[in-house]
Amino acid sequence: MPPAPRWRRLATPAGVLAAVAGAFAYVGVVDPNHPGHYPVCPLYRLTGLYCPGCGGLRSAHAFVHGDLTAALHDNAPAVAGYFLFAVLWMAWVARAWRGRPARLELGNAQMWVIGTLLLAFTVVRNLPFGAWLHP
């Protein structure tokens, strides 16, 4: 069977990029710093503790508006995730362009490292000396 045409191989990465760009555009227009637009984090509402995702929308809003300092302050792991998404997306497009399957294989060690970093971030941002990490 001949390989799929290039436009078909690139359709899925293009669709994912369009969805992510649309989400960022929405968050860029609808400011999460004004109450009532987005739901409050359930963990924060119940316990007063910040989860690793708290501040993610504010971070995305600041990022869209070019304020990298505010984006990092609101949620540094989210900003790292934005850049990681960009790198992985470009690798995906390059592989699709060449007709190769997309591969992202994370082993147990990588998953444990990611989980440990997010847990450490969550613990530190909820301790008194980590108040500078509050969104």
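What follows is calculated from the coordinates using simple rules that are stated; it is not laboratory data. Predicted model, so just to flag it, every value in this text is computed and none were measured.
Dividing the mean sequence gap of close Cα pairs (under 8 Å, 6+ apart) by how many residues the stretch 25-120 holds gives a relative contact order of 20 percent. The stretch 105-130 and the stretch 33-86 have Cα centres lying 16 Å from one another.
Taking only the C-alpha atoms of the stretch 55-120, Rg followed by Dmax gives 14.7, 40 Å.
Among the complete DSSP H segments of the chain, which ones combine at least 15 Å of alpha-carbon extent along their axis with a mean Kyte-Doolittle hydropathy of -1.0 or more? Mind dumping the intermediate values first?
Numbers: long enough: 11-29 (27 Å, 1.64); 68-97 (36 Å, 1.00); 108-125 (25 Å, 1.26).
TM-like helix candidates: 11-29, 68-97, 108-125.
If you take all C-alpha pairs in the stretch 1-121, what percent of them are over 19 Å apart? In whole percent, the share of Cα-Cα pairs in the stretch 1-121 beyond 19 Å is 60.
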